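A single structure is presented below for examination.
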Amino acid sequence: MSDGLPASAAAGAAQRHILCMKWGTKYGPEYVNRLYAMVRRHLTGDFNFVCLTDDGRGVNPAVQCLPIPPLNLNLKPGERDGAWKKLTTFEADLHGLRGTALFLDLDVVIVDSIDAFFELPGPFRIIRDYPRFWRLGERVTGNSSVYRFELGAHADVLAHFRGHMAEVQQRYRNEQAFLSDVLHQQGVIDYWPDGWCPSFKYHGIPAWPTNLWREPFVPANAKIVIFHGEVNPPDALAGRRNKRFAHIEPARWIADHWRE
């Protein structure tokens, strides 16, 4: 439930919601609980914290656990569902929730106030995906670790996916590429300011060879540090990088933030 509000009131009120999603066994309830605690420390005022999940056991009772809406992916045997389930946050009626929603991946680390994520104008905001030297031209694709929208406002995106599932999955590498392309074509996509949501692996690891002795750091102006690819917060905290011939020292700063 929300801070000080019963679940029924939280569901019906037009307010601020934090959404996260947990399914399968990759992330335990401690990820949800630590994310909730970080939000509580860094977001001023009332909010409703919702975890869309297939298993709410062990989750802090302050978190409203709700089922992930069905997506009915047509997967081949052994094929991963990736993050396509995130598209269900765009249901026309997501469990009766109303208001503005900020979606956060479970493995982000919040290091500063996130009030401004609810204050910037625009119908939809997302991280501009991190540049790669081999990708030329305008970067349209967003990174969906952090995105904000009005609940129920983009139901057409989910409806299109459900109606063209095989075609979309063949054309787009993942859900964020599809989502970004559709909203870009509609002219409603905006991006968070540079520096707000840096990548740990691109922006928080000292350059070689100083990474062999210098600790990872919190990038300047960061509000939410994004962990994607081969390293997550507990691995980074322990100095493990799940990539051959890559080294990081323990990122001890994580212990100050990624906690209940």
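The values are calculated or read from the model by the stated rules, or taken from the named source; none is laboratory data. From a predicted model like this one, the values you see are computed outputs, not experimental measurements. Virtual Cβ from ideal backbone geometry, glycine too; neighbours counted across all protein chains shown. Protein only, heavy atoms only, side chains kept; ligands, DNA and RNA dropped before computing areas. Shrake-Rupley method; radii C 1.70, N 1.55, O 1.52, S 1.80 Å.
Work out the length of the dipole vector of the chain about its Cα centre, built from +1 on the beta-carbon of each Lys and Arg and -1 on the beta-carbon of each Asp and Glu, and round it to the nearest 20 debye.
The dipole magnitude comes to about 720 debye.
Taking just the C-alpha trace of the chain, give me its Rg and Dmax in Å.
Calculated on Cα positions, Rg and Dmax stand at 18.2, 55 Å.
Under the Kirkwood approximation applied to all pairs of distinct alpha-carbon atoms, what is the hydrodynamic radius of segment 212-260 in Å?
For segment 212-260, inverting the mean 1/r across all distinct Cα pairs yields 11.4 Å.
Could you provide, to the nearest whole Å², the per residue accessible area of the chain with probe 1.4 Å?
Per-residue accessible area for the chain comes out at 47 Å².
How large is the direction-averaged shadow of the alpha-carbon convex hull of segment 155-242, in nm²?
8.0
Sticking with this one: Would you calculate, for the chain, the mean residue ellipticity at 222 nm contributed by helices, counting each DSSP H stretch of 4 or more residues as -39,500 (n - 2.57) and dividing by all residues, to the nearest 500?
-6500 deg cm²/dmol
Hey, any idea what Rg/Rh is for segment 149-191, computing Rh the Kirkwood way over Cα pairs?
Taking Rh as the inverse mean 1/r over Cα pairs, Rg/Rh reads 0.96.
Please sort 229-238, 30-39 by packing, taking for each peptide the average over its residues of neighbouring beta carbons within 10 angstrom, highest first.
Highest-to-lowest ranking by the protection proxy: 30-39, 229-238.
Here is a further query. Per 10 Å bin, what is the whole-percent P(r) computed from every C-alpha pair distance within segment 88-200?
12, 44, 35, 8, 0
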